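Data first, discussion second: the structure below is written as structure tokens.
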Amino acid sequence: MNIIKKIKRRINLAIIAIVKYLPFNWTMEIRNKFYKYVLKDMGRGCNICDAVTIVSPQNVSLGDRVSIHPYCYFSGMGEINIGNHVAIANGTTIISETHNFSEIDRFIKHQGLTEQPITIEDDVWIGSRVIILGNVRIGKGAIIGAGSVVTKDIPGYTISSGVPCRVMRNRK
């Protein structure tokens, strides 16, 4: 990345930080405009509400018309790919990496991280306070119930919930 791009990126991140917690519609427009320059990809008509935190935004891709509601936390080290027309409710956490812990003679904190990509396909609704962990694919048209912890793939057109999240029924 050349020096001009780095400077632009830092300026965009600074502007996002300034308007991050302002809950007004005009500040959402500002956030959306500047997130376009720091995310890996951002489709048309996306809305990123106030108090959303995105770590490693250069690894996060949003399709068209994605809505991310307040107090969501995305950790994108291992890549997060979100399809079109996805609704992500308040307080959702998406973490695309995990700690290594196989060496018992070393502190876990010193063993590094492993990237674990996450894919959320088109037309998915994720309820409030859902946690989505790495190496997961949520299929097209799925609904994830509030408070669920997603640790495994969820098939398309299903309604799933629980800790751990599991399919409750099909939508078809």
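Before moving on, here are some points about what is shown:
- Matching residues, the stretch 87-104, being over 19 Å from Gln116 (Cβ atoms) and hydrophobic (A, V, I, L, M, F, W, C): Ala87, Ala89, Ile104
- Subset of the stretch 110-141 [in contact (Cβ under 8 Å) with a residue 24 or more places away in the chain and closer than 15 Å to Ser161 by Cα]: Val124, Trp125, Ile126, Gly127, Ser128, Arg129, Val130, Ile131, Ile132, Leu133, Gly141
- Residue ID - farthest from Ser61 (Cα to Cα), chosen from residues in the stretch 97-118 that are surrounded by fewer than 18 Cβ atoms within 10 Å (Cβ to Cβ) and β-branched (Val, Ile, Thr): Ile104
- A single member of Tyr71, Tyr37 is assigned to a loop (DSSP other than H, G, I, E, B), hydroxyl-bearing (Ser, Thr, Tyr) and at pLDDT 95 or above, and it is Tyr71.
- Sub-7 Å Cβ pairs linking a first residue in the stretch 95-109 that is closer than 23 Å to Gly76 by Cα to a second residue that is β-branched (Val, Ile, Thr) and surrounded by 12 or more Cβ atoms within 10 Å (Cβ to Cβ), at least 6 apart or interchain, are Ser96/Ile80; Ser96/Ile118; Glu97/Thr114; Thr98/Thr114; His99/Ile108; Asn100/Thr114; Phe101/Ile108, ordered by first then second residue.
- Selection status of Lys20, at pLDDT below 90 and surrounded by fewer than 14 Cβ atoms within 10 Å (Cβ to Cβ): no
- Matching residues, the stretch 119-151, being within 22 Å of Ser61 (Cβ to Cβ), in contact with a strand residue (DSSP E or B) (Cβ under 9 Å, 6 or more places away or on another chain) and of a type in the set (Lys, Arg): Arg137
- In the condition set (1) touching a helix residue (DSSP H, G or I) at 6+ places or on another chain (Cβ under 9 Å); (2) at pLDDT below 95, Ser96 is compliant with all but (2).
The values are calculated or read from the model by the stated rules, or taken from the named source; none is laboratory data. Not measured: the values here are computed from a predicted model. So basically every Cβ, Gly included, is an ideal-geometry build from the backbone, and we count neighbours across all protein chains shown.
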